[in-house]
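Every read-out reported here was derived from the displayed coordinates using simple, explicitly stated rules and does not represent laboratory data. Please read all numbers here as calculations on a predicted model, not as lab measurements. All Cβ positions, even for glycine, are placed from backbone atoms using ideal geometry, and neighbour counts span all protein chains on display.
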Amino acid sequence: MSSEPTHHLGLSATIGDASQAQLLLDRCHDLIRERDYSRAASAAQQAIDLVPDLSDRYIAMAEAMVGMGAHERAVEAYSEAYRHARPDKRFEILKGRAYNKHRAGDYIGSIDDLTEMIVLQPENAQCYTRRGITRGEIGDYQGSIDDFDKAGAIAGLNPDLHNLLAHAHMGAAFAEPDDEMAARESAEKALRHFDSALDEEPLHQQANGGVQMLRDYLGHFGIDR
């Protein structure tokens, strides 16, 4: 993996420090490939101690933390990487940080990072899809639906996106037990998306399971689908 050029180094680094730090960074990457994450983290920390003002050292540390399952520490490392990063590196750093915030249970923080990624790449359908999934996990079903609709508008609808939209509408239906009309409307939209997913991919497991649940639910309204 290439490093940032030495002409971006601050006054804190000598040429010797930079050379030694690069050797340690290369060693870190080798250890990550070998899945020796603890030693990789140690090598990354030594590289940071020598040259603390380049983002690639912190990214390597974050990757080692991910391998160890230490997602909160990975978030910290990605945050340091972001602080030192050139603008062209920020999207990928945010991607790593959003993932690790999600794994650490910080769904709001993950959504914030995904939102910043969308600002950087407003036509990136995967960002909307990922944010929609996370919004659904915190019960923001309308936000989830909006994001999946946007992803579909950018990249086109496919069975997986129909399935995600169906589950978001189904979540909205179940969240509105006191508003029978709204719940019924959401459930019918969900069923239409499940049907669309199954038209394109008849063996879509999640869609098949969702269809039966929704049919049972709509049966409470006297609707036979």
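Which shape class, rounded, prolate or oblate, goes with the stretch 110-216 when its Cα gyration tensor gives a ≥ b ≥ c as root eigenvalues, a/c under 1.5 marks rounded, and past that a/b bigger than b/c marks prolate?
Judged from the Cα gyration tensor, the stretch 110-216 comes out oblate (a/c at least 1.5, b/c at or above a/b).
I'd like the per residue volume of the convex hull spanned by the Cα atoms of the chain, given in cubic angstrom.
It is 134 Å³ per residue.
To make sure I understand the rule: partners must be lysines, Cα under 22 Å from the Cα of Lys89, and not fewer than 8 residues away in the same chain. Which ones qualify?
Lys101
With r defined as the distance between the Cβ atoms of Arg33 and Arg103 and R0 fixed at 22 Å, what FRET efficiency is calculated, to the nearest 0.05?
That gives a FRET efficiency of 0.55.
Compute the long axis of helix 141-155 from its Cα atoms, compare it with the longest principal axis of the Cα atoms of the chain, and write down the angle in degrees, 0 to 90, nearest 10.
70 degrees
So which lysines pass the test for Lys189, namely a Cα distance under 24 Å, with those fewer than 8 places away in the same chain ruled out?
The qualifying lysines are Lys150.
Rounded to the nearest 500 deg cm²/dmol, what is the calculated helix-only ellipticity per residue at 222 nm for the chain, with -39500 (n - 2.57) per DSSP H run of length n ≥ 4?
About -24500 deg cm²/dmol.
On a full-extension model of 0.36 nm per residue, what is the gain between Asp179 and Asp149, subtracting their alpha-carbon distance, rounded to one decimal in nm?
This chain segment gains 8.4 nm when fully extended.
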